There are 2 protein chains.
Amino acid sequence: MKNISILGSTGSIGKQTLDVVRQHPDSFQVEAMTAHRNKDLLLEQIYEFKPAIASITSKEDAEWLKANAGSETTIYHGMQGIIEAATCTAADLVLNSLVGSMGLLPTCQAIKAGKTLALANKESLVAGGSLVMKLAKIHNVDILPVDSEHSAIFQCLRGENTRQVSRIILTASGGPFRTLDKNQIESMDPSCALKHPNWSMGQKITIDSATMMNKGLEVIEAKWLFNLNSNQIDVLIHPESIIHSMVEFVDTSVIAQLGLPDMRVPIQFAISYPERIPLKTEKLNLSSLSQLNFEEADMDRFPNLKLAFNAMDIGGTMPCVLNAANEHLVPMYLEGKVSFYQMAHIIEKTMHKHKSFVYESVQELHEVEEWVEEQINAMVQEL
Amino acid sequence: MKNISILGSTGSIGKQTLDVVRQHPDSFQVEAMTAHRNKDLLLEQIYEFKPAIASITSKEDAEWLKANAGSETTIYHGMQGIIEAATCTAADLVLNSLVGSMGLLPTCQAIKAGKTLALANKESLVAGGSLVMKLAKIHNVDILPVDSEHSAIFQCLRGENTRQVSRIILTASGGPFRTLDKNQIESMDPSCALKHPNWSMGQKITIDSATMMNKGLEVIEAKWLFNLNSNQIDVLIHPESIIHSMVEFVDTSVIAQLGLPDMRVPIQFAISYPERIPLKTEKLNLSSLSQLNFEEADMDRFPNLKLAFNAMDIGGTMPCVLNAANEHLVPMYLEGKVSFYQMAHIIEKTMHKHKSFVYESVQELHEVEEWVEEQINAMVQEL
């Protein structure tokens, strides 16, 4: 029996994690769960999974939960509540599916508490990769990827010597705007960007898929997870999202992981690791699909991908700036305050203004993020 | 430095093995080599690789080699010469790329001598799988597959628990007759069957690809190599031969091995195992290929595949009968004595006549093969 703490249990990844737990009541038990605003769903989840700890962002929602949940569950709130869930003694594994760079602190705290970390919060590694990987090494903690691409790479590397890797190839669906030209993309309504062709995901990551910033963040995440150089990471457009990613070795042999687009597969692999256990879901049938397609990534139409590679090459605090700028701009894009390509333009300008430095703490990164927020607000006002 | 004995050094696999050795003079040394009839090429190879042992089928050719090769190489002939090469003390690894079921005895002898076996002679396992695997277990010997499909499966299984495999999917190009109907296939000249779309291989295996008997033999080979049940092996047509095969696990995750069709990759993996070492050859570029296609295997147009599954299900000596019948019929097809579908028909009739039994020795299998030869010769005369 593995005790799991789920940070972000009411989000897309959190709900699918609970689906997996539901299929395997003898293997997994939910020790803690946290939510941002969806108190009704969190209460339902508390009733069903009876965690020892639950936490929600606002104090008011926490009071409501205390009044309605059973006495088996201790209710917390705010970042302190998330940290409680990330570090509680009984948890064997923490699944971090928080959205955005606010996931970094709980990631660091879970590692310091010696918890195996199933990481869906890619921003932890994008913003704070050097810190997170250093902590994981010191505390001898496994970081198990939950992103389908990184889970694929992780699976392809099983039993292999990582020094014999020549490169990894992250596949990308290309998103809803893959076949459009720049003028068409710029004129699309944000609601179109929310229609991902293959994956059902949260709003933020779906917009990031439309701009390909998501793939850029994944490139940086992969660099840290698999200890790679920039020139060892390639992106390949694969519209069907069946090959989830690949590893090429020095002997030219390529190992790939495939499956239908179903996040429960990588989620389950992360929480059942090192075992594979049965999952009740549809199986891949390549003959019924009949065809898989591939094309090169286009950094002209999707400049965010190029910016992410640049930020990775510069290193230090620059990926944190890239990510923070994007986090502020995506809601503005959804509200119609900035256009598709204005996002990339403003991220680029913010990166130019920033002088990257080697950080040592989460606090330093938070200060950088505050600076980014000021810059962006000023730039957007001037538009 | 690994000392390698190559059985069948002048054939397609043998020559490509020597290409690999040539690229890595500090890693591999050729200890022994054997050839069937190509004495000129064998002599060249002796000059270049200076093996301690060389052997050729006929005594006459062996005399000629003795007269022309240097004194560093001891020349043998016949099956005894092959056994010398398969068991010589200084060899760490024996690569068996003999053609046909005559490869079984050297396979058994190499295993008994404790040699790691790189196996390209699939007939060893098709005809004598239970015996070969039992010997390998007793003598604690690794059998490393050289066939691209089995090498793919072997690579996909690295670091995995084989009990968590749900099935393997052997890919097949479909051969030169993939898109033809039965009448068209029956009317094709054997020379057309020799034109394989992707792989450059020997004559026997190329015809076996056209009839899909090759895939059937591979199914049986896979059963033994990976300790699978019949219902755990599927065949998928993939005309581009880029995905060399796949493994599906209980969690629905599929791991695949990909690469350009180049036998030197699986050959090198077998002889460098467990390491991967650089290979100078063209790399896979999926965006330039742009598309991979898949379709179901058609057992009506390619009945040999069905017969192979049947022989595997019956077990015992039946796969030996299937293989022996096919080995006799392929040269007859090339000579125009039997048609494409007459081959399948005669194999099926021979299988019906045979009462399968559990064998214990190579000798019993040889007797079965002699019976098969008689049956086939009689049937072909009656056509």
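Data for the structure
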quantity	calculated
Protein-only accessible surface order, largest first, of A:Lys355, B:Lys283, B:Lys115 at 1.4 Å	A:Lys355, B:Lys283, B:Lys115
Over the protein assembly as shown, equivalent-ellipsoid semi-axes from the Cα gyration tensor in Å	57, 27, 25
For q = 0.12, 0.18, 0.23 Å⁻¹, Debye-computed log10 I/I(0) when each Cα of segment A:39-114 counts as one equal scatterer	-0.32, -0.71, -1.10
Rh (Kirkwood; distinct C-alpha pairs) - chain B, Å	21.2
Label-point gap, in nm, between B:Tyr341 and A:Asp26 - each point 7 angstrom along Cα→Cβ	5.2
Share of carbon and sulfur in the accessible heavy-atom surface of segment B:2-145 [1.4 Å probe, %]	48
Accessible surface of segment A:223-304 [probe 1.4 Å, protein heavy atoms]: carbon and sulfur percent	45
Inter-label distance, nm, simple model (7 Å from Cα along the C-beta direction), A:Asn293/A:Phe309	2.3
Cβ-vector label at 7 Å, B:Lys59, separations to other copies in nm	10.3
At most 13 other Cβ within 10 Å, DSSP loop - trypsin sites (Lys or Arg not before Pro), segment B:33-70	B:Arg37
Qualifying trypsin sites (Lys or Arg not before Pro) for segment A:166-248 [loop in DSSP, other Cβ within 10 Å: at most 12]	A:Lys195
Proximal lysines relative to B:Lys349, as straight alpha-carbon distance under 18 Å, when same-chain residues fewer than 8 apart are discounted	B:Lys306, B:Lys337
Residue of chain B nearest the B-to-A rotation axis [by Cβ], rounded angstrom distance	B:Gly159, 1
Under 29 Å from the Cα of B:Lys115 - lysines, other chains or at least 8 residues apart	B:Lys2, B:Lys15, B:Lys39, B:Lys50, B:Lys59, B:Lys66, B:Lys134, B:Lys137, B:Lys204, B:Lys215, B:Lys223, B:Lys280
For segment A:152-189, residues shielded by at least 50 square angstrom of accessible area compared with the chain on its own, probe 1.4 Å	A:Arg158, A:Glu160, A:Gln164
Inter-copy separations for B:Glu382, label at 7 Å along Cα-Cβ, nm, ascending	9.4
Shortest-first distances to equivalent copies, position B:Thr162, nm, label 7 Å out along Cβ	2.8
Radius of gyration and Dmax over the Cα atoms of segment B:75-140, both given in Å	10.9, 33
Amide N proximity, segment A:112-136 versus A:Glu360 label position 7 Å along Cα-to-Cβ, cut-off under 18 Å	A:128-136
Fraction of beta bridges assigned by DSSP in the protein assembly as shown that are antiparallel (%, nearest 5)	35
Candidate aspartates and glutamates for bridging to A:Lys195, where Cα separation is under 13 Å - those fewer than 8 sequence places away on the same chain excluded	A:Asp208
Whole-number accessible area per residue in Å² for chain A, which is evaluated in the context of all protein chains at 1.4 Å	39
Listing of segment B:243-260 residues, each with accessible area lower by at least 30 Å² in the full protein assembly than in the chain alone (probe 1.4 Å)	B:Glu248, B:Val250, B:Asp251, B:Thr252, B:Ser253, B:Val254, B:Ile255, B:Ala256, B:Leu258
Cleavage-rule hits, GluC sites (Glu not before Pro), segment B:310-383, DSSP coil, Cβ neighbours within 10 Å at most 12	B:Glu335, B:Glu360
Rg ratio (alpha-carbon, reference 2.2 N^0.38 Å) - segment B:2-145	0.96
Area hidden from solvent between A and B (accessible, protein heavy atoms only, 1.4 Å, total, Å²)	3700
Pairwise FRET efficiency - A:Asp234 versus B:Asp300, Cβ, R0 = 56 Å, nearest 0.05	0.85
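The values are calculated or read from the model by the stated rules, or taken from the named source; none is laboratory data. Here the structure is a predicted model, which is why all the values come from computation and not from measurement. Cβ atoms come from the backbone with ideal geometry, glycine included; neighbour counts cover every protein chain shown. In case anyone asks, the SASA skips ligands and DNA or RNA and just uses the protein heavy atoms, side chains included. Shrake-Rupley method; radii C 1.70, N 1.55, O 1.52, S 1.80 Å.
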